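Quick note: the coordinates plus some simple rules give every number you see, no bench work behind them. Quantities reported herein were computed from a predicted structural model and do not represent experimental measurements. No Cβ is skipped: glycine too gets one built from the backbone with ideal geometry, and neighbour counts run over all protein chains shown.
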Amino acid sequence: MARTPSNMLDLGTIAPEFSLLNPVTKEHIKLSDFSGSPILIAFICNHCPYVILIKEVFTQLAKEFQDKGVKVIAINSNDVENYPDDSPEKMIEDSKQYNYSFPYLFDETQQVALQYKAACTPDLFLFNKDHELYYRGQFDDARPNTEIPVTGRDIKNAVDRLLSGEEPPENQKPSLGCNIKWKLGNEPKL
């Protein structure tokens, strides 16, 4: 596991369109399906210890956000040939185990992760109703093997500010997690 920070895409960036498979429902989900709604896009996977650490609280907060009108989507962009624990079949198991109330999509070609400049898991992107980037960064300060409790403080604060019509949080810290497992030749060009 390589400890990797997120890239911190420029605020105001328009969310790139995508159409990805939801392995649970076998349907394709498009970003445009959520036009006019704020949306939280989380790049996650099944096996990363940083994601495993926050999964339960993330799932709880996702339900709260959805109840307030924020759409939530999780995307797995890892190379499943070399990391079979992140396969679509395992994504279905993960969705059921954690009772995901949001679609967990498979980015098989990794093009969506590249378009969003996603670097790690978890990597969080909160967009306003016009799908302009409002927040990108960490879930909270918790990390594996630390005593810091998982609260989702940073993302919860960002969602609350967005829904209250406030300016984005000034202090947005990069997320930190396992690097996205890129297929050979897909590694982002720096």
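Worth a mention:
- Pairwise inverse Cα distances across region 21-70, averaged and inverted, put the Kirkwood hydrodynamic radius at 12.7 Å.
- Here each label is just a point 7 Å from Cα along the line to Cβ, and for GLN115 and THR25 those points are 1.9 nm apart.
- Considering only GLU108, GLU170, GLU93, the mean-square fluctuation computed in a Gaussian network model of the chain, springs between alpha carbons under 10 angstrom, is largest for GLU170.
- For LYS181, the aspartates and glutamates whose Cα falls under 16 Å of its own Cα, not counting residues fewer than eight places away in the same chain, are ASP79, GLU81, ASP85, ASP86, ASP107, GLU108, ASP123.
- Residue separation of GLN66 and ASN157 scaled by 0.36 nm, minus their Cα-Cα distance, works out to 31.3 nm of gained length.
- Debye, to nearest 20: dipole size of region 113-158, +1 on Lys, Arg Cβ, -1 on Asp, Glu Cβ: 80 debye
- Taking 0.36 nm per residue of separation and subtracting the Cα-Cα distance, full extension of the segment from ASN186 to ASN82 would add 36.1 nm.
- Spatial separation of Cα centroids for region 1-41 and region 75-97, in angstrom: 17 Å
- For region 87-190, the spread of Cα positions along each principal axis, largest first, Å: 40, 32, 28
- Partnerless cysteines, meaning none of the other Cys C-beta atoms lie under 4.7 Å away, in the chain: CYS45, CYS120
- Potential extension, GLN97-THR13 segment - 0.36 nm per residue separation minus Cα distance: 26.9 nm
- Whole-number Å³ per residue for the convex hull built on Cα positions in the chain: 111 Å³
- Derived scalar couplings ³J(HN,Hα) [region 110-119; Karplus, 6.51 cos²θ - 1.76 cosθ + 1.60; whole Hz; x for Gly, Pro]: 6, 5, 5, 4, 5, 5, 8, 6, 5, 10
- Computed label-point distance, nm, for sites GLU56 and ASN145 using a 7 Å Cα→Cβ extension: 2.2 nm
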